[in-house]
Amino acid sequence: MKVHLLYRDRDVDLMQAPSSHDKTLMQDLGLPTLIAVMAGDDKRIYDVAQHTLLASLTDIDTILYRQEILKDCFKNEQVVRDMYNLAVETLESERKNFLGIAFRYPHAILYRSVEVLQMLAGMLRRLKAIADQDGVGFDSEGFRTLFTMLRSELDHDYFAAIQYHLKELKFGHGVLISAQLGEGNKGTDYVLRKRNPPQGSWVRRAFTRPPSYSYTVHERDEAGARALGELRDRGINLVANALAQSTDHILSFFTMLRNELAFYVGCLNLRQRLSSRSLALCFPQPIVLSHRALSATGLYDVCLALNLSGGIVDNDIRGDGRDLVIITGANQGGKSTFLRSIGLSQVMMQCGMFVPAMAFRANVFSRIFTHFKREEDATMESGKFDEELKRMNEIVEDVTPDCLVLFNESFAATNEREGSEIARQITSALIESRVKVAFVTHQYEFARQFHARNLPKALFVRAERRDGGARTFKVVEAPPLPTSFGEDLYREIFLGQPLAAKENAMALQDAPKP
């Protein structure tokens, strides 16, 4: 039995360890905040959500396959949660009640397998009942395939056969074994035999006994009892192993069901939190790898929204056909937040999730890299600029065409002239290699040089600043300016003059939910 709710034709593999780039992506985009909300107190959901977010998809069909399943989850939330809880209950019951039994001897393996299968049969009945009663409410290919499989394979004959064999394997009438004598009169070819059904009426069986030979072991004969136990174990060894494999197969199914549903339950948890704040959600439109697309309405930083008790400002962007996005503007104007909103939405789209926007379309990327500014090295083994170059070198070693690199105030640890030149050369080399770049910068010379070239595939946006220094936290298409208005921050911090309308700019904008 297969689950196949994350991939159409294979199971999910959770054993792959995250790379160093994945860890950087987690840190720069604030993904732990997102994953923590998805997981709640469930560590399994946390692990699955982290793996799925980092295992970025490039296949459009698989992304849409997950989106359709997620839409079904929205329509049938309680059913999906019940299925997940059933899988968790099954695995917890097996772990708590049967894990301590010794598996060294065949009779112990057989006893444990019979008990576990008895429990699993009951859980499969409950799962089958969900498929029968609630399966009609699901439309996605993934859930329809799963429920069809459950209804066809877990029929009445299946459960009747399980109960019959489990009853027989308890050996209420003893164990019937055949054997032969081998070399040196040693026993060989031990085979467990099925007991013949009773012949004739009970009266005839009571007064007619077939000829047989018997041997009774004295109750104090430990060696004899041990010898009989060894004979029994040889006879039931193959059956015990086969039953153990059957048990492991069903447990593997429930494990996969729990793991794959964990991702969707995490999505439900996140949706519930965002919907309680009336924040917009939508299912994005993924575009193939070879086309450049980036268009969004009402886009916001989902992690910032989860951390703020108040409202959040959203933004629009029209960047289709662009290989380079340069973001400039006033200090503390929302540039880094806007960059993170793009990165987070891209990651969420490429794992089949909804995204934090009213509308979002973008092409997929083979990989996503981030290069954000860091604090000074606490060990003092290297300077801040050295550390930036080292991280950039690690990206260059792994970056390939059709990747996305997000820069946030990179190469600003040196002087303006050198930093701008380094940023210009690196950015030029990346876009010439068909790598898309989004760059937040205060380096005017860097932004000015690219703007002066009138590149048709470059987009320049700027964080808004009103007269008097007020930040709207809106980002609009505009050319770079030679100042980042640091004087506004000086007046606020040192002279106690707050930026006008700063608080009023944080206005929540309602939007429809999917």
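Per-residue answers, yes or no, for (1) among the basic types (Lys, Arg); (2) surrounded by fewer than 17 Cβ atoms within 10 Å (Cβ to Cβ); (3) under 21 Å from Leu57 (Cβ atoms):
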{"residue": "Ser275", "(1), (2), (3)": "no, yes, no"}
{"residue": "Ala280", "(1), (2), (3)": "no, no, no"}
{"residue": "Pro284", "(1), (2), (3)": "no, no, yes"}
{"residue": "Ile287", "(1), (2), (3)": "no, no, yes"}
{"residue": "Ala296", "(1), (2), (3)": "no, no, yes"}
{"residue": "Asp301", "(1), (2), (3)": "no, no, no"}
{"residue": "Leu304", "(1), (2), (3)": "no, no, no"}
{"residue": "Ser309", "(1), (2), (3)": "no, yes, no"}
{"residue": "Val313", "(1), (2), (3)": "no, no, no"}
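If you scan segment 287-312, which residues turn out to be over 14 Å from Phe360 (Cα atoms) and among the small types (Gly, Ala, Ser)?
Selection gives Ser290, Ala305, Ser309, Gly310, Gly311.
Among the residues of segment 45-61, is there at least one that is over 14 Å from the mean Cα position of the chain (by Cα), modelled with pLDDT of 95 or more, not aliphatic (A, V, I, L, M) and not in a loop (DSSP other than H, G, I, E, B)?
For segment 45-61, residues over 14 Å from the mean Cα position of the chain (by Cα), modelled with pLDDT of 95 or more, not aliphatic (A, V, I, L, M) and not in a loop (DSSP other than H, G, I, E, B): present.
So, Phe407, is that one under 21 Å from Arg340 (Cβ atoms) and under 32 Å from the mean Cα position of the chain (by Cα) or not?
yes
Working only within segment 118-140, note down all residues that are under 25 Å from the mean Cα position of the chain (by Cα), surrounded by fewer than 16 Cβ atoms within 10 Å (Cβ to Cβ) and assigned to a helix (DSSP H, G or I).
Gly137
Which number in (1) part of a helix (DSSP H, G or I); (2) surrounded by fewer than 15 Cβ atoms within 10 Å (Cβ to Cβ) marks the one condition that Asp22 misses?
Answer for Asp22: the failing condition is (2).
Have a look at Gly298, Gly266, Gly343 and point out the one that is closer than 23 Å to Tyr84 by Cα, out of contact with any His (no Cβ under 6 Å at 6 or more places or on another chain) and not in a loop (DSSP other than H, G, I, E, B).
Just one listed residue meets the conditions, Gly266.
The values are calculated or read from the model by the stated rules, or taken from the named source; none is laboratory data. Keep in mind that what you see is a predicted model, and the values were worked out from it rather than measured. All Cβ positions, even for glycine, are placed from backbone atoms using ideal geometry, and neighbour counts span all protein chains on display.
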